[in-house]
Structure formats: C-alpha cells, structure tokens
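Some notes on the structure that comes next.
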Amino acid sequence: MTDILFQKYELRPELQETLETKGFLSPTPVQEKVLEQQDLNTDLIVRAKTGSGKTLAFLLPIFNEDRMTNGSPKVLVLSPTRELALQIAREADWLGRNMHLRIASLVGGTDISVQIKDLRRGASVVVGTPGRTLDHLRRGTLKLEDVHTVVLDEGDHMLDMGFRDELEAILDAIPLRERTWLFSATMPEEVLRLSRRYLSDPRTISLVDEGEQHSEIAHKVYMVPRHGSLDGLVNVLLWEDSSRGLIFCHTRAQTLEVTERLQQEGFQVCCINGDFSQRERNQSLASFKSGRVSLLVATNVAARGIDVPGVKHVFQFGLPDDLDTFIHRSGRTGRAGNKGKNILILNLRETSRFRSMVQRTKIALEWLPVPDGDDIKTRNRSIYEEKLLNQDLPEKKDIHAWAESIISRTDPVHLVTRLLQLADRKIPGGYDLKRELQKEMATKKPEARTERTSPSQGRSGKRERPQRERGTEIRLGLLNTSGWNVGRVLRSVCSSLDVDRKEVAQITLLEESVKVELLDLAYEKYTRNPSSLKRWGLIPEETSPRKPEPRNSKRPARAPRERKPSKVRSR
Ligand code: ADP
Ligand code: MG
C-alpha cells in the first residue's frame, strides 16, 4: 500500500465517501497506476498479480465518469468463474451504492429469471461469466448497444478455461464499444492473439516483476514417497499446523478423496469443486471464511481468484500443470502484504519435473523430505509437556486429594507413565515415511541435471537431502544438572532466542549437557548471540556446531523418554 490517499484523485464525493466508509484510504499500486492515467479513453492491458486490487482498479475510474447512468448496460465485465464474477458484482454493488447504480450478475447455477428481472430494471453494470452472458445475449434478454466499456478480467484464465468462442461472440456483438480493458496476470501467446484482434493500440500497465512477484511468500517443496502421498499430505499438514490453508488438487475426484481422508484423520476440512451446486459452494466457502473449518480443498478452477483474506498456507498436492498454475495458486496466500507459505507435496518423480519447471525462474524454493511421524510426535509431545508443566489451571481441591490418594497406592513413575500413555493417544503423530522415502532416494540414480540445477540454492544433490533438511545441532551445557527436562530446554531456547517452538527440531538430554537441533531461523539467531542462552541456564559450548547424524543411525539415549518409531500415527 502506498502513502497516497484516494483524495488525490478527486473522485466524485459519492465514491470518496463510500471508500472512506469501507475503510479504504489508499489505493493499491495497480489502482494508483490506473487512476493516474491522464487519458483513460483507450484500450488497456493491465498486468498485476492476484490479490493486488484489480477490481477497484477498473471499477473506480469507470464509476467516476459522468456517463454512468442506469437504464441500460453501459459497462460489461467478463470474468472466468462464477465466484469471481459474483465477487466483482458485490464489489461493484457496494462501490456504486451511493450512486444508486444497478448491477446485474449473469452467472450459471443461479436463477436466470432473477437475472432477467435485474436486466429489465435497467442495470447499468453487467458482470458475468462468458457462458451465461452469451446465453442472455442469444435470448435477447441482454442488450449491448449502449455498452461503452468492456472489461475482460483474468483474460488468461478465460482462455485457459476454453471461453474463447464465447468471448469472441460477445465482443463481436459490441462493435461500437469505445474501449476494452484486459486484465491478466500472465500474457501467454493466446491472450496476446486475443488482444491483437480485439484491442486497438492498447496501453500496457504492468506491475508484474517475475523475480519479485511473490517475495512475501515462502515456497517449500516436501518430498513424499511414491505410494504414500496422502500419508505425506497428512504429515505435512500436521507439521505446518495451518489454521487457514487452501489445498489444491488436480481433479474433482481427487478433491473428494483428499477431503474424505482428511476428515477421517480429524482435520476440520471442506471442499469445493466444479460439480458442486452454487449453494454447496457458498456453504463451503462460508465455513472456510468464517474459520469454522481450517482447510479448504479445491481444484484450480473452483478456487480461481476467490478472495479469502488471511490464507496462511497454500498446499499444492501433486505437480502443478505448469508454472503459471504454480504461481497463481501460490498467489492465494501472502495477500495484501501478509506473509504466506506456499507448500508443494511431490513425489520424487514429480520433484524432478518440478525442478525443470522452475529452473529459469528466480523463485527461491526450499526442498525438504516430508516430516516424519517421529518428528511430529516428538514436537507435539514437547508442546504437551510444556502445557502440562506450565499452563495455568484453576486449583481443584478434589483433584488434589485424588492425586494424593492415588500416589499413596502406587509408584509415582508407574503412575505418570500410565497417565502419559493415556494422554499420548490424543497427541497427534504422523505416518512413518522417512524410511520409504530414503529407500526411494537411494535407488533413484542421481541425475546430473538435477545435481546441477537448483534454482535458488546452488547445490541440492538429492541424495544428501535427508541430512541437509535437518537443522543444525548445537550442544549446550547445563548450569545446574538437576531439574532439566525436554520441556524446560524447549522453553528456555524459545524464550532466549525469541523463536517459535517449531524452530526446534530435536532435543536430546544428556548427563550434563543437552543437544538441540535448531532450524534455520533459530540457528541464525543463535549464532548472532549465543550467550543469550546463558541467562536461562544453558551454556553454549565452544565446539562448533555439527550437522546431526542421520536419523536412522543409532540414537543416544534420550531423557526423559525414549521414542518408539511409530508405524501408524495415533490421533
Ligand atoms: P485481484 O482482482 O487483483 O485478485 P481484488 O480486487 O479481488 O484483487 O482485491 C483483493 C482484496 O483487496 C479485496 O478483498 C479487496 O476488497 C481489497 N482491496 C482492494 N483495494 C483495496 C484498497 N485500496 N484498500 C484496501 N483493501 C483493498
Ligand atoms: Mg480479480
């Protein structure tokens, strides 16, 4: 967002007031670029990424003109999906409310007679999908004689979705349009062809910079075993722990399979795909938007451009069809300057293909093996342990008495073991996938091409990935050797380095010291100021940090508990 205020553009008072009421004070960069054009009576091509505020970028200057009157359609906006079209119509509706502008939305899956009524009442702005709009045109219920402005929103995707014929038929029916504005995040050859045919001497406004485009999004690739991709997805979801995530699948059938599986696993999840009725879609979207469910599973098409604010994670399950799809999907997170994570879940074969897909981009990717069930369990146990020891609970006399009576009957270690056993059933763990993945990695011949090409990280030989993904291990001396447990170490490390628990991959208590495996951020903070740990009773050792041993090697005894490899995650 810029420091420039909408006031600078001398918008008509109705619009200025509406924006203020809505709390929109400054234009987004694309809005600024369009609003500052001296002459807007020309054809335009506008390129800006998803979530950059393109809708108002075209609505504002159009609504600001004197010739916006009801009676007949003056402006036609075409958009590839129902959701997008409805979203634009809603935005046009609130923006034009003070001007009493009537909006008609012409989309499939809703009652056509309502649409006909809206048109008869003299809507001045028509927002539609190409299919339904053409339908109205052919029925004679939509008249386009007075249309002076046509906006093609998400031009690239309208063509991707096969709306070429419809688009051309509609544009051919408005030969006297004064200007056509094409909005598109990408400019593949087909869009250029369309623009050459229907736009005359367009001016291009581009806010797309391939390298910088998604700088607020962190991209990660998790590699999963070939026959365990759904298990892998479960592990990734548990590890990333998203309170608001969008999961992309290839096909409608896959969205159902994934949704069902995740529901069985106890995730709060819902689904949208093209087979859903409008009502079902709205229901799913509403549950996701309200936060009732934390994960939404969708196909590209169904999710295209839907504006859900605050998506923290995008999960792309399987290889994206192409680079554009990958980029577009990732644009669902990190919107309006927020930080987002874009996460791919790929098997090894898909991984190689994906490497060549991103080879020539500047997108920085982190390549990781899928988090293993063990790792997930360990981390969640630490969290539980910390809660157990530190969460404020109201003192309950009867429970206290119960504790005393039960301790008098049995050995405390035996008792705590049993209690933890019960608690552990509810502590989420994941599937044991590491061994299978390592086997696949070992049998897969290292490809020369892959060894060489890592778009962002220099060397990334696959075979050494398992070690590389681990954090960095440091050893810390313990000021007092008594009273330490994994939870206390975790708390101390997190507090002193001011990092999230997730930044600590592993803690192994030894007699007089502790081994702590720190992920990148935590390790970086540690190296900047190792002595920050001293105040918490942890003394950095002089020795330089090591990469931890591979996990399948013999592990040192860990106190206070020893993990068992979990075959199946318990939930
Ligand atoms: P795009 O079409 O580029 O994907 P949208 O037009 O859907 O993006 O806008 C994304 C979100 O940003 C919407 O929720 C919209 O209401 C909001 N938005 C747009 N312009 C502004 C602005 N100037 N100030 C604050 N929020 C805005
Ligand atoms: Mg849009």
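If we keep just the residues of segment 312-336 that are at pLDDT below 85 and either hydrophobic (A, V, I, L, M, F, W, C) or not in a helix (DSSP H, G or I) (or both), which is nearest to ligand 1 (Cβ to nearest atom)? Only one residue fits best here, namely ALA336. Whether any residue in segment 200-219 is over 32 Å from the mean Cα position of the chain (by Cα), at pLDDT 90 or above and buried (at least 19 other Cβ atoms within 10 Å of the Cβ) is what I want to check. No, because not a single residue in segment 200-219 is over 32 Å from the mean Cα position of the chain (by Cα), at pLDDT 90 or above and buried (at least 19 other Cβ atoms within 10 Å of the Cβ). Determine the pairs where a residue that is at pLDDT 95 or above, located within segment 74-97, has a partner that is within 12 Å of ligand 1 (Cβ to nearest atom) and part of a strand (DSSP E or B) with Cβ atoms under 6 Å apart, the partner being 6 or more residues away or on another chain. From residues that are at pLDDT 95 or above, the pairs are VAL77/VAL151; ILE88/VAL77. Against the numbered list (1) closer than 30 Å to ASP156 by Cα; (2) in contact (Cβ under 8 Å) with a residue 12 or more places away in the chain; (3) small (Gly, Ala, Ser), ALA253 comes up short only at (2).
The residue that is surrounded by the fewest Cβ atoms within 10 Å (Cβ to Cβ), among those in segment 178-199 that are away from ligand 2 (no atom under 16 Å from the Cβ) and within 13 Å of LEU44 (Cβ to Cβ), is GLU178. Residues of segment 256-310 that are surrounded by 14 or more Cβ atoms within 10 Å (Cβ to Cβ) and within 16 Å of ligand 2 (Cβ to nearest atom): LEU285, ASN300, VAL301, ALA302, ALA303, ARG304, GLY305, ILE306, ASP307, VAL308.
Which residues, taken from segment 47-73, are of a type in the set (Val, Ile, Thr) and at pLDDT below 95? Let's see the steps before the verdict.
In the first step, residues of segment 47-73 are kept if they are of a type in the set (Val, Ile, Thr); the result is 50, 55, 62, 69.
Once the filter is applied, which keeps residues that are of a type in the set (Val, Ile, Thr) and at pLDDT below 95, segment 47-73 yields THR50, THR69.
For SER382, the stated conditions do not hold, so it cannot be described as of a type in the set (Ser, Thr, Tyr) and either within 27 Å of ARG82 (Cβ to Cβ) or without any contact (Cβ under 8 Å) to a residue 40 or more places away in the chain (or both).
Yes/no matrix, rows are residues, columns are (1) outside the structural domain of PHE163 (by TED's automatic domain parsing); (2) assigned to a helix (DSSP H, G or I); (3) within 16 Å of ligand 2 (Cβ to nearest atom); (4) exposed (fewer than 15 other Cβ atoms within 10 Å of the Cβ):
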residue	(1), (2), (3), (4)
LEU11	no, no, no, no
LEU15	no, yes, no, no
GLN31	no, yes, yes, no
VAL34	no, yes, yes, no
LEU40	no, no, no, no
ILE62	no, yes, yes, no
GLY71	no, no, no, yes
GLN87	no, yes, yes, no
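The values are calculated or read from the model by the stated rules, or taken from the named source; none is laboratory data. What you see is a predicted model, and the numbers here were worked out from it, not measured in a lab. Every residue, glycine as well, gets a Cβ built from its backbone with ideal geometry; the counts of neighbours run over all protein chains shown.
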